[in-house]
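Visitor: This structure is in structure tokens; I'll ask about it shortly.
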Amino acid sequence: MATLSASPSPNPNPNFRSPTDQTDHDPESLPHMELHPSSDQDPTPNSNPNFHAVLPTPPEAIAPAAAAAPSLLHISFNQDHGCFAAGIDHGFRIYNCDPFREIFRRDFDRGGGIGVVEMLFRCNILALVGGGPDPQYPPNKVMIWDDHQSRCIGELSFRSEVRSVRLRRDRIVVVLEQNIFVYNFADLKLLHQIETIANPKGLCAVSQGVGSLVLVCPGLQKGQVRVEHYASKRTKFIMAHDSRIVCFALSQDGQLLATASSKGTLVRIFNTVDGSLLQEVRRGADRAEIYSLAFSSNAQWLAVSSDKGTVHVFSLKINGGSPGIDRSQSASDPVTSPHSSLSFIKGVLPKYFSSEWSVAQFRLVEGSQYIVAFGHQKNTVVILGIDGSFYRCQFDPVNGGEMTQLEYHNFLKPEAAF
């Protein structure tokens with residue numbers, strides 16, 4: 001169900017670009033959203049006192065910043081990793097990564113927890129889902145927020161809780177426990193519905209490069225991923241692991257897929273076109289929970305974070321040997337992953353000893369949850385913690401080893417520098 005309403009309004013927020021703005025990072029323009037009241041709007045008011053209705057007057061919905069540090073419910077990068085969003089127990093915040101600064105915040109005055117905030121590059125459109133003990137919106141609804149108007153301009157309602165949302169300039173992808181819905185961004189028309197195995201984490205990835213949409217989600221079997229190539233109308237199933245899939249990531253163009261299972265020891269990189277295994281790298285020998293995977297913009301590097309408190313950077317040796325993929329590196333960029341010191345007896349001892357290990361590492365607090373992405377500066381990594389920590393680090397692509405910490409902030413503290 002989609003209910004839409006809109007009214008023209010000037011942009012009060014200079015930190016956001018309008019949907020039709022174009023930048024160096026996102027050259028493809030956004031679709032114009034024709035928003036009209038829908039005839040299928042639910043006439044029944046929300047009777048659940050734990051949910052707050054959409055407030056029609058923006059000033060009533062915005063309160064002064066809380067004096068105490070908020071509780072963090074959600075963190076996520078935008079599509080080019082230049083910004084990140086934080087859903088908190090009384091609103092949401094948007095931050096720039098380099099230089100680090102808060103771009104803006106919305107604080108709701110009656111609780112107002114936001115459990116999912118999905119950005120669309122740097123434009124004014126956001127997708128919000130209520131969360132926490134006192135959610136601002138029902139957790140089974142996706143609210144389309146327009147910061148030009150400082151209010152919600154549309155919503156998508158479902159029969160069960162929304163686990164995650166993914167945005168492209170032309171699509172909205174909503175992930176439920178066992179279903180995924182793909183909508184046209186311009187009019188919220190349902191285009192595709194996919195059934196998945198139980199997916200409590202809301203795993204889903206969509207390509208962001210200019211061109212056709214590639215969508216990856218869990219399949220219907222344990223360890224299986226499903227790849228939808230919408231341009232060619234092809235579906236590819238890949239048996240990526242024997243164990244349950246817990247994390248995956250797509251390259252910007254959608255041609256490379258990195259996957260990790262519940263064992264957390266190996267990460268595999270696949271060609272999404274033919275499903276072939278291109279490379280396998282080893283995070284470690286003992287079990288771990290992989291929290292995030294991220295490709296660099298040129299798919300030369302892969303970053304991995306886990307509950308072991310270490311962020312790893314791996315070198316990807318993807319070349320023209322795979323159909324539709326050509327990422328051969330220049331001679332000036334040595335990108336060889338180190339191998340086990342016992343790799344000279346490869347084939348004699350177990351595969352562990354000939355595994356490809358990370359080029360660079362950064363040590364964090366073990367047990368805490370972190371997500372990772374590559375920064376816009378060369379050879380830099382940005383790390384976000386569920387405790388509000390922000391790290392920007394640099395790795396040596398030639399010598400590897402421990403990364404150098406360039407910057408640290410706690411973005412939840414009121415005194416954080418903007």
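Visitor: Please pick out the residue among LEU191, LEU203, LEU257 that is in contact with a Phe, Trp or Tyr (Cβ under 6 Å, 6 or more places away or on another chain) and either touching a residue at least 24 places away in the same chain (Cβ under 8 Å) or assigned to a strand (DSSP E or B) (or both).
Guide: Numbers: LEU191 fails: in contact with a Phe, Trp or Tyr (Cβ under 6 Å, 6 or more places away or on another chain); LEU203 fails: in contact with a Phe, Trp or Tyr (Cβ under 6 Å, 6 or more places away or on another chain).
After ruling out the rest, the residue left standing is LEU257.
Visitor: Still on this structure, please answer the following. Might you check whether a residue that is closer than 15 Å to SER164 by Cα, in contact with a Pro (Cβ under 7 Å, 6 or more places away or on another chain) and outside the structural domain of GLU280 (by TED's automatic domain parsing) occurs anywhere in region 223-240? Reasoning before the result, please.
Guide: Of region 223-240, the ones closer than 15 Å to SER164 by Cα are none.
No; the residues of region 223-240 include none that is closer than 15 Å to SER164 by Cα, in contact with a Pro (Cβ under 7 Å, 6 or more places away or on another chain) and outside the structural domain of GLU280 (by TED's automatic domain parsing).
Visitor: Then there is this: Pick from region 375-391 the residues that are assigned to a loop (DSSP other than H, G, I, E, B) and touching a residue at least 24 places away in the same chain (Cβ under 8 Å): which of them is farthest from HIS81 (Cα to Cα)?
Guide: Per the stated criteria, the residue is ASP387.
Visitor: Quick check on region 210-225. Is at least one of its residues in a loop (DSSP other than H, G, I, E, B), on the phi > 0 side of the Ramachandran plot and surrounded by fewer than 21 Cβ atoms within 10 Å (Cβ to Cβ)? Let's see the steps before the verdict.
Guide: We begin by selecting, within region 210-225, every residue in a loop (DSSP other than H, G, I, E, B); these are 210-213, 219-223.
With on the phi > 0 side of the Ramachandran plot added as a condition, the list becomes 211, 223.
Subsequent filtering for residues that are surrounded by fewer than 21 Cβ atoms within 10 Å (Cβ to Cβ) retains 211, 223.
Scanning region 210-225 turns up at least one residue that is in a loop (DSSP other than H, G, I, E, B), on the phi > 0 side of the Ramachandran plot and surrounded by fewer than 21 Cβ atoms within 10 Å (Cβ to Cβ).
Visitor: I need the strands (runs of 3 or more DSSP E) fully contained in region 74-117, keeping only those with at least 1 residues that are out of contact with any helix residue (DSSP H, G or I) (no Cβ under 6 Å at 6 or more places or on another chain) and basic (Lys, Arg).
Guide: Values: elements: 83-88, 91-96, 101-107.
Here the list reads 91-96, 101-107.
Visitor: Quick test of your reading of the structure: VAL173 fulfils all but one of (1) part of a strand (DSSP E or B); (2) surrounded by fewer than 19 Cβ atoms within 10 Å (Cβ to Cβ). Name the failing condition by number.
Guide: (2)
Visitor: Of everything in region 75-94 that's over 11 Å from the mean Cα position of the chain (by Cα) and more than 16 Å from LEU120 (Cβ to Cβ), which residue is modelled with the highest pLDDT?
Guide: For region 75-94, the residue satisfying everything is ALA86.
The values are calculated or read from the model by the stated rules, or taken from the named source; none is laboratory data. Since the model is a prediction, treat every value here as computed from it, not as a measurement. Neighbour counts run over all protein chains shown; Cβ positions are idealised from the backbone, glycine included.
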